[in-house]
Each structure stands twice: as structure tokens, then as C-alpha cells.
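Could you have a look at this structure, given as C-alpha cells, before my questions?
Any read-out appearing in this document is the output of simple, stated calculations on the displayed coordinates, not a laboratory observation. On a predicted model such as this, the values are computed, not experimentally measured, just so you know. Glycine also receives a Cβ, built like all others from the backbone with ideal geometry; neighbour counts cover every protein chain displayed.
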């Protein structure tokens, strides 16, 4: 799966994009957050405040219980501030 | 009828209005909203807008199409810039056209309220001393919720 990070999440993690094989324990966005949070200090810092995490699957807004597959493009980002 | 652009370059409100009016006489109301880079304290050097290229245009098209359906708009243009902008520069343009002003006003507000809460853009403010990401506002969510 392809994973994208934006704004301060990208800065904390240190990359805007990575590809990884979906772990067997990951079925939803929530599972993926739990998994990614264990990958190091930057990840832990990026995912620290759950209230501030938004996600998209294949360019559509998603929720914590949205299912994910290995073919998906998943994006994580803070609440949007355009306009 | 719906034009959506996400680009680095500046836009020209007059040209965009003219494009919507071209060859038609059924329009009775044209509303435009322009959002610009604000420097409240005189310390801002620049504002950088990051976005999610794949998703932004699609999200703006969805919002624009919803507004057209809901208010029977005759035309709608949404342009949002990204990259690094100076205080006073244009950020976003929304134009709505309709037979009557009520629909055009409401649709423009609707588009901005949804854009601010669902289009994937993020602002970072740079001053002489540091750079900080702008926090999302609860009031933006409340503004959006009044339409549901």
C-alpha cells in the first residue's frame, strides 16, 4: 500500500510518501494508525493526538473504521486549513 | 458550467467573470468571493499552502457540483492557489452565477464553508523568526454544519 503524509505529519515522520506491505493485523484505518505509531519516534509524534488525524483512501475522505487493502493509496493529514 | 482549477499562478477576477458571462443573457446575479493572505500583526513574511494534488481538484469539483444542484446555478468557478504567497496576495476565488441574487449569495457561502473544512489544503505561516502550521478552527466546522 502507498501511504502519504501531509503538513506537520509529513514533517514529523520525515517523509511525504512511502510504500509498505499491509501487515496481516491491519484491516482498517484505525489498525493502520496503531501499526504506524509503533514505527519510531517521528511516527509516534505524528499520530500522538488522535483528534487531529484525518485520513483519505484513494483520494476520498475516510473514517477510522474504513477498511483498507494492500492496493490502496492512504493519506494521513491534520484538519484542513485552506481557503 | 463548473470550472475548477488548482494552480500556483494568480487569477484575474474580471477575466473569470467574463468567461462565465460569455454568450449568455439569462444571468441576473454574479457573486464573487476572493480570499487573500492576511497579516494581522505586521509580522508575516509569507504563507505557504500545501495540498494533496490528487484529491484537491476532485474535492472542489464535488463541492461545486453540490452547490450547482442545490441552488440551480447557471455557472460556478472555483480557483485555489498553492505554493508560497505574500501578504495581500490572492488565495481563492469563488464565482457563482444564477438568475437571482439569493441563490448566488448562498451558493458562494456554501462553497467556501465546505472548502474550508474538506478540501485538503494546509497553511503554514512564516515570519522573520519562525514557521508555524495554522490550526483549524471550530468555527469553520460550525459554519459548515448550518447547511446540513
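If you rank A:50, A:61 by fewest surrounding Cβ atoms within 10 Å, what's the result?
A:50, A:61
Would you please calculate the Kirkwood hydrodynamic radius of the stretch B:2-145 over all C-alpha pairs and express it in Å, rounded to one decimal?
Kirkwood hydrodynamic radius for the stretch B:2-145: 15.9 Å.
Please state the relative contact order of chain B as a whole percent: Cα pairs under 8 Å, 6+ residues apart?
Relative contact order comes out at 33 percent.
A further question on this structure: Under a crude label model (7 Å from the Cα following the beta-carbon direction), how far is residue B:145 from residue A:12 in nanometres?
Simple spin-label model gives 2.5 nm for this pair.
Which value at 222 nm does chain A reach when only helices count, each DSSP H run of 4 or more adding -39,500 (n - 2.57), with the total divided by all residues and rounded to the nearest 500 deg cm²/dmol?
Estimated from H runs of four or more residues: -6500 deg cm²/dmol.
Let me see the P(r) profile for the stretch B:1-83: every Cα-Cα distance counted, bins of 5 Å, each bin given as a percent of all pairs.
Final binned percentages: 3, 11, 21, 21, 19, 13, 7, 4, 1, 0.
For peptide A:16-26, how many partner chain Cβ atoms fall within 10 Å of a residue's Cβ, on average?
0
For a distance above 30 Å, tell me the whole-number percent of Cα pairs in the protein assembly as shown that qualify.
31 percent
Shifting gears a bit: For the stretch B:49-125, what is one quarter of the convex hull surface built on the Cα atoms, given in nm²?
Average of the hull's projected areas for the stretch B:49-125 equals 5.2 nm².
Additional query: Taking each residue of B:111-121 in turn, how many C-beta atoms of other protein chains fall within 10 Å of its C-beta, and what is the average?
4
Is there a simple number for the mean count of other chain Cβ atoms within 10 Å of the Cβ of residues in A:72-81, and what is it?
Other-chain Cβ atoms within 10 Å of each residue's Cβ, averaged: 6.
Please build a GNM for chain B, connecting alpha carbons under 10 Å apart, and tell me which residue among B:107, B:29, B:18 fluctuates the most.
B:18
When DSSP assigns beta bridges and you keep just the ones with both residues in chain A, what percent turn out antiparallel, to the nearest 5?
75 percent
Moving to a separate point now. Rg and Dmax of chain A, Cα atoms, in Å?
11.6, 39
Relative to the first principal axis of the alpha-carbon coordinates of chain B, what is the inclination of helix B:53-71, with its axis defined by its Cα atoms, in degrees from 0 to 90 and to the nearest 10?
Computed tilt is about 40 degrees.
Is it possible to state the helix-based mean residue ellipticity at 222 nm for chain B, with each DSSP H run of 4+ residues giving -39500 (n - 2.57), the sum divided by total residues, to the nearest 500 deg cm²/dmol? What is it?
-11500 deg cm²/dmol
Of all DSSP beta bridges in the stretch B:3-86, what percent run antiparallel (nearest 5)?
40 percent
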